[in-house]
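See below for the structure under consideration.
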Amino acid sequence: MIKCAIIDDEQPAIDVIQFYIDRMSRLQLADLELTGTATNPLTGLDMIKEQKPDVVFLDIQMDEMSGLEVMRIISPETKVVFCTAFSEFAVQSYDLEAVDYLMKPVEFERFVKAVQRVAVSLSAPLLPIHNIVVKDYVFVKTENKGRMIKIDFNDIDYIEGLRNYVTFYQANRKIIAHYTMKEVEDLLPADQFMRVHRSYIVAVKKISEIRGGELILKTTPVRIPVSNHYREDFLIRTGNK
């Protein structure tokens, strides 16, 4: 088992890495355990000292102390993978012998490769990258009892929710299914889809433009609103903050 910790001053960024750790375990790609998270690097240092994780996924630019400073303090036995929106610290991170350097927004496939490097450095078991098969579809239950429809993730433009039903919108059709928005979020890969509003989830790769508080998609004239509640998470995930 590889014990993991996350230090990042943005909670949405922590949520993404936590989701990836859980996803790798569910897919049986690696035996990962999240031992703790911290949004304050000083609190994070105490957490590392107490829990002694095998690897820390560490942000670089934080107010109280930079990730580079944190790495200089912790034991070299604890591996470090930097997760940052800034490329200019890459050379310094490798001088400090960080295992990897991930650029935000972090994609799942790239995260898997970073974990593989951590596993090699720890002599821990991990499935070879070429054996990894990530499911790219989902079967959803429709209004008709006993009927389920296969939806390929690549075909989804956006999802709109209304009470206990959601509508999957594709270029040439729409599918109404009996789910809550939270249930749909759990079904979809977090590296490909984002909740941007109480009533909307969008496919990240279908976004062509951010215009004010709305998203313009490549495949439909419909404009998707980004609510204030989800705005900060959206900006962090897309590397605009």
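The values are calculated or read from the model by the stated rules, or taken from the named source; none is laboratory data. Since this is a predicted model, take the numbers as computed values, not measurements. Positions of Cβ are generated from backbone atoms using ideal geometry, with glycine treated the same way; all protein chains shown enter the neighbour counts. In case anyone asks, the SASA skips ligands and DNA or RNA and just uses the protein heavy atoms, side chains included. Shrake-Rupley method; radii C 1.70, N 1.55, O 1.52, S 1.80 Å.
Summary table
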| quantity | calculated |
| --- | --- |
| Charge dipole (debye, nearest 20) of the chain; +1 at Cβ of Lys and Arg, -1 at Cβ of Asp and Glu | 1280 debye |
| Accessible area, probe 1.4 Å, largest first, for residues Arg147, Arg23 | Arg147, Arg23 |
| Whole-number accessible area per residue in Å² for segment 87-241, which is evaluated in the context of all protein chains at 1.4 Å | 58 Å² |
| Alpha-carbon Rg/Rh ratio, for segment 173-214, with Rh computed the Kirkwood way | 0.98 |
| Per-selection metrics, segment 77-216 (Cα): Rg and Dmax in Å | 19.1, 59 |
| Kirkwood Rh in Å, taken over all unlike Cα pairs in segment 199-241 | 10.7 Å |
| Rg and Dmax of segment 147-241, Cα atoms only, in Å | 12.6, 43 |
| The chain - convex hull of alpha carbons, volume per residue in Å³ | 142 Å³ |
| Helix-derived mean residue ellipticity, 222 nm - over the chain, DSSP H n ≥ 4, -39500 (n - 2.57), to 500 | -9000 deg cm²/dmol |
| For segment 42-89, alpha-carbon Rg and Dmax in angstrom | 10.4, 31 |
| Along principal axes, Cα extents of segment 1-46, largest first, whole Å | 33, 20, 8 |
| Contact order relative to length of the chain, as percent, for alpha carbon pairs under 8 angstrom and 6 or more apart | 14 percent |
| Given Lys79/Lys104; Lys49/Lys79; Lys49/Lys182; Lys49/Lys104; Lys104/Lys205; Lys145/Lys205, the pairs whose alpha carbons are separated by over 24 Å | Lys49/Lys182; Lys49/Lys104; Lys145/Lys205 |
| Cα long-axis angle, helix 108-122 against the chain (0 to 90 degrees, to the nearest 10) | 30 degrees |
| Computed FRET value (nearest 0.05) for Val91 with Thr167, which takes r as the C-beta separation and R₀ as 35 Å | 0.15 |
| Two-decimal ratio, segment 1-144, of alpha-carbon radius of gyration to 2.2 N^0.38 Å | 1.08 |
| Net lengthening on full extension, Thr43/Lys174 (0.36 nm per residue, minus Cα-Cα) | 42.5 nm |
| Protection proxy ranking, peptides 4-14, 109-119, average beta carbon neighbours within 10 Å, highest first | 4-14, 109-119 |
